[in-house]
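Read through the structure below, which is laid out as structure tokens, and then see the notes.
The values are calculated or read from the model by the stated rules, or taken from the named source; none is laboratory data. Computed from a predicted model, the values in this text were never measured in an experiment. All Cβ positions, even for glycine, are placed from backbone atoms using ideal geometry, and neighbour counts span all protein chains on display. Remember, those area values only see protein heavy atoms, side chains included, never the ligands or the DNA or RNA. Shrake-Rupley method; radii C 1.70, N 1.55, O 1.52, S 1.80 Å.
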Amino acid sequence: MSHARENQTVCVETLNVKGLARSRLAKSVHDAGWSMFVGMLRYKAARHGRTFVRVGRTFPSSQLCSGCGYRDGRKPLHVRHWTCTECGAVHDRDVNAARNILDEGRRIASG
Ligand SMILES: [Zn+2]
């Protein structure tokens with residue numbers, strides 16, 4: 001674990017769980033699980049003196065190229081890998097989204 005200044009920020013995405021759940025009950029369970037997880041992260045970040053940031057649900061984390069910033073458009077959930085049509089970078093969907101969330105969180109944190 002590095003102690004570099006830029007590694008002091010913890011970022012989470014505000015997920016649209018409604019779109020993933022099939023029933024009302026499933027939705028409330030998903031919501032409770034996610035908010036408990038976020039609450040735990042927030043607590044741990046505070047204990048360790050880290051900045052905690054929530055990135056808004058309108059932020060298109062899975063649409064942006066983390067390499068060049070080009071907005072490549074919507075990706076259905078089954079698309080696990082994609083190639084940026086602007087710079088040609090090949091992305092793992094989740095790794096790319098995580099990089100974008102971290103960048104956006106740092107941008108928010110630095111005001
Ligand atoms: Zn790109």
- Only unsatisfied item for residue 28, checking (1) at pLDDT 85 or above; (2) more than 16 Å from the ligand (Cβ to nearest atom); (3) in a helix (DSSP H, G or I), is (1)
- Out of the residues in region 50-71 that are away from the ligand (no atom under 16 Å from the Cβ) and open to solvent by less than 60 Å² (accessible area, probe 1.4 Å), which is farthest from residue 11 (Cα to Cα)? 59
